[in-house]
Ligand code: SAH
């Protein structure tokens with residue numbers, strides 16, 4: 001897997017950001033190591049490179065953003081990866097979150113609705129050597145049935161429900177982490193665990209702010225669907 005080279009000029013800024021994230025509560029050593037290795041400056045626009053190691057989201061074009069590093073660290077921690085898992089991501093964006101998952105040893109299947117972003121992320125991840133990531137352009141609401149079942153699913157755009165189609169692509173014991181739109185208009189980081197009896201156990205981890213998931217998820221009828 002790719003990583004920082006010895007003469008990497010960005011290494012000090014990356015290390016400082018990781019220290020800041022540690023102080024903000026990211027404590028998983030693997031997650032911190034991944035954040036300390038993936039070159040975030042490669043995932044932002046050329047003119048924003050000097051901002052790559054500030055703990056904030058940045059625009060990546062097409063009205064979309066690369067997530068705040070703290071949120072990437074938090075969501076990645078909630079997935080509890082140890083290496084070797086199959087992970088589906090909805091919302092490739094820049095590809096940064098996918099690279100973090102790959103750095104942790106996961107095999108990553110990531111879907112991006114915006115074709116230009118999908119192509120750019122695919123090229124970027126290939127150039128940086130993240131060869132365990134596959135990028136697909138399309139609506140992630142249908143999942144990636146040929147690659148299922150997944151150990152974990154990560155949605156990096158806010159969604160009005162835990163999509164039932166995606167739950168069906170999860171192995172028993174698997175988890176979905178997503179920003180969930182609450183009925184009161186708020187938005188909460190949620191982990192849903194598929195228990196072996198088929199029950200979804202929901203845990204909430206505080207308020208977040210993501211761009212919306214677009215496409216078919218907004219048209220999914222409540223109740224059983226037939227996909
Ligand atoms: N994970 C990204 C940030 C994602 S921002 C990163 O690390 O940079 C959310 C992304 O979800 C946007 O790029 C948006 O185009 C995409 N998106 C929105 N609706 C989608 C859908 N239905 N399927 C797949 N991607 C979607």
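Derivation of every value follows stated rules applied to the coordinates shown; laboratory data play no part. In this text, all values refer to a predicted model and were calculated from it rather than measured experimentally. Cβ: placed from backbone, ideal geometry, glycine included. Neighbour counts: every protein chain shown.
The figures follow:
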{"quantity": "Protection proxy ranking of 86-97, 204-215 - average other beta-carbon atoms within 10 Å, highest first", "calculated": "86-97, 204-215"}
{"quantity": "Computed FRET value (nearest 0.05) for residue 205 with residue 123, which takes r as the C-beta separation and R₀ as 30 Å", "calculated": "0.35"}
{"quantity": "Point-to-point label distance, residue 23-residue 54, nm (Cα→Cβ direction, 7 Å offset)", "calculated": "1.7 nm"}
{"quantity": "Rounded to 5, the percent of DSSP beta bridges in the chain classed as antiparallel", "calculated": "45 percent"}
{"quantity": "Packing-based ranking, highest mean first, of 155-161, 197-203, 43-49, 69-75 given that Cβ atoms within 10 Å are counted", "calculated": "69-75, 155-161, 43-49, 197-203"}
{"quantity": "Cα→Cβ-extended label distance, 7 Å offset, between residue 11 and residue 165, nm", "calculated": "4.5 nm"}
{"quantity": "Whole-number percent relative contact order across the stretch 19-136, with pairs defined as alpha carbons under 8 Å at least 6 apart", "calculated": "22 percent"}
{"quantity": "Relative contact order, percent, the chain [alpha-carbon distance under 8 Å, six or more residues apart]", "calculated": "14 percent"}
{"quantity": "Distance (nanometres) between label positions extended 7 Å along Cα→Cβ at residue 218 and residue 146", "calculated": "2.9 nm"}
